[in-house]
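The values are calculated or read from the model by the stated rules, or taken from the named source; none is laboratory data. Here the structure is a predicted model, which is why all the values come from computation and not from measurement. Cβ sites come from the backbone with ideal geometry, for glycine too, and all protein chains shown count toward neighbours. Remember, those area values only see protein heavy atoms, side chains included, never the ligands or the DNA or RNA. Shrake-Rupley method; radii C 1.70, N 1.55, O 1.52, S 1.80 Å.
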Amino acid sequence: MNLTTKTRIKRFSPLQRIFHVLLMLSFLTLGATGLSRMYIETPWGRWLGGLFGGYEAARTVHIYVGIFMLCGLLVHVFYLLFKINWQKFPRSLTGPDSLLPRPDDIKQFFQHIAWFMGFGKPPAFDRWGYWEKFDYWAVFWGLIIIGTTGLLMAFPLTSSRIMPGWGLNVAFWIHRIEALLAMAHVFIIHFFIAHLRRHNFPMDRAIFEGSASLDAVRHEKPAWIERLEKNGELDAVLVTEAVPGQQIVFYVFGYAAVAAGLFLLIGALINTPYISW
Amino acid sequence: MKQMINIRTLLVASGVLLTGLLFLPAIASAQGEEVSSAIRRYKDREASTGYYEEYEMLPRRQRPFVEIPGVRRGIFPYSPTAARVRVRMRLADSHQGIKFYERRRCEDCHIEQTRDIHTVRANITCRQCHGGEPIASNAHYFSPLNPIRRHAYVCAKCHEGASASYASYVVHAPNPLMAGTMKSFPVLFYAFWIMVAIAVGTFAVFLPHTILWGIRELFIKKEKAESEPDNEN
């Protein structure tokens, strides 16, 4: 551990990290309350619901936290509007620092797969890999789909004025499948990529600490470092490591979230046969 | 003798008259139909279907000979009597004539209808919606669950302010997995399968992708790994 030399490269701003922490907390709460209701016929579901005050209270929590999450999305959209470099408008969004998908991402995806199979070299990723972009946009469309169907069901009397009441049956299933997809994706794929693969094991702290190890990034995202070096911008974004106390907090928080997620995932899988569909 | 004839004529005459009554138009009464104009007034505010002309009132006079049109199982039509027994869609007591009804539970005979959220999760009993004996068919004119008054007579008991649109929520929703749902509730069926396709598609790509990635990283060559110090994340 080296606290004086700048061994790490800045990756996320404090605001972005706060967004992520809030997203984690609300996502897990929504997952737990939602699953507790879906699994209310099983002891597991009832126990889970009990944490939030029972079947009905879980719905209230679910709705408020869901609305909170939607507000988060709204705030994030405003944040984006402020963040976008409007002077260089269209180009600032197509550059490598942007999270918008680029044709390169598709190429890199296939090159990456080829490398998994033992063909060629791994792609030289820039700042954002295609999987990171996918995760980012998945939250976007996921939130919009789950959010609208959720609002329709949260206020069924109002929503049945603007659509026929049987739309609630449809909203219910869309909400459910999209939510299960989101949870499975986060609890399996996102957790694996951020924790278990060798490059990141035991945990990618970047989203909490705001910075990633320069060596590790140079290894996985060489194009980014190269670009920064060529433009002479690298030194400006180097930072020192967080103090050990902070790091312990990051690890404990990160692993608590993983534990909660896996608990939900495993409980849901085990109890699947015992609920009426 | 004379009196006898008189009574017979009287009977025949009244019989003819009564039969004739059947062919008269239905009696117009003060409770005549509530008619909505072609312009849909108050449409946005009213908690009703707007189907006044057709059903809101007393049933029209029935035709004297009730027949049940073209009910068939498979390709064979039921005989009218059989159809009447089997089609209980418009009976005041939908269990009329069903043997051993009294001693059984709703779920013995209606398993399909026990899987809805109201029953399974909210512990609502069948009778809270379907009412006491006799349980009318849902399409019976006076059934509280007839769609024209369902929202007010049933749903609004618990969902204050329920409108007719709200009551079109399908309480006993068919399972969207089933092929039959394609016919009975196509929107649900297609929405379900489109969502499943998206979910399965995402996983079909990212699950193998991530597993392969995890495995591949275990075999990164030593020289490369050297520039990657242990636990430097």
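Couplings for segment B:153-162, taken from phi via the Karplus curve 6.51 cos²θ - 1.76 cosθ + 1.60 with θ = phi - 60°, read 7, 10, 4, 5, 4, 10, 9, 4, x, 4 Hz in order; Gly and Pro are left as x. Comparing Cα centroids, segment A:144-198 and segment A:3-61 end up 15 angstrom apart. Note on residue A:84 and residue B:117: the model spin-label points, each 7 Å out from Cα along the C-beta direction, lie 3.6 nm apart. Comparing the full protein assembly with the isolated chain, the residues of segment A:110-147 losing at least 30 square angstrom of accessible surface (1.4 Å probe) are A:115, A:116, A:134. Taking both sides together, the accessible area buried where A meets B is about 4800 Å² for a 1.4 Å probe. When the Gaussian network model of chain A links Cα atoms closer than 10 Å, the mean-square fluctuations of A:161, A:205, A:102 top out at A:161.
Legend: mean number of C-beta atoms from other chains within 10 angstrom of residue C-beta atoms, peptide B:198-210, equals 5.
Each residue of segment A:102-113 was assigned a 3J(HN,Hα) from its phi angle through the Karplus curve 6.51 cos²θ - 1.76 cosθ + 1.60 (θ = phi - 60°); the sequence is 10, x, 4, 4, 5, 4, 5, 4, 5, 5, 4, 4 Hz, with glycine and proline shown as x. Scaled against 2.2 N^0.38 Å for its residue count N, the alpha carbon radius of gyration of chain A is 1.13. Peptide A:154-163 has a mean of 4 when you count, residue by residue, the C-beta atoms of other protein chains within 10 Å of its C-beta.
Across peptide A:228-234, the average count of Cβ atoms from other chains found within 10 Å of a residue's Cβ is 0.
Note on residue A:20: accessible area is roughly 50 Å² with a 1.4 Å probe, heavy atoms of protein only. Backbone geometry of segment A:45-60 corresponds, through the Karplus equation with coefficients 6.51, -1.76 and 1.60 at θ = phi - 60°, to 3J(HN,Hα) couplings of x, 5, 4, 4, x, x, 4, 9, x, x, 4, 6, 5, 4, 5, 4 Hz, x marking Gly and Pro.
In the context of the full set of protein chains, residues of segment B:89-220 present 61 Å² of accessible surface per residue (probe radius 1.4 Å, heavy atoms only).
Highest GNM mean-square fluctuation among A:195, A:62, A:219, for chain A modelled with Cα contacts below 10 Å: A:219. Placing a label point 7 Å from the Cα of residue B:218 along the Cα-to-Cβ direction, the residues of segment A:117-134 with a backbone N closer than 18 Å are A:117-119. Remark: segment A:8-274 carries 50 Å² of accessible area per residue (probe radius 1.4 Å; ligands, DNA and RNA excluded). Using the Cβ-Cβ distance between residue A:256 and residue A:141 with R0 = 30 Å, the FRET efficiency computed as 1/(1 + (r/R0)^6) comes to roughly 0.65. Segment B:144-192 to segment A:214-277: how many Å between their Cα centroids? What the calculation gives is 45 Å, centre to centre.
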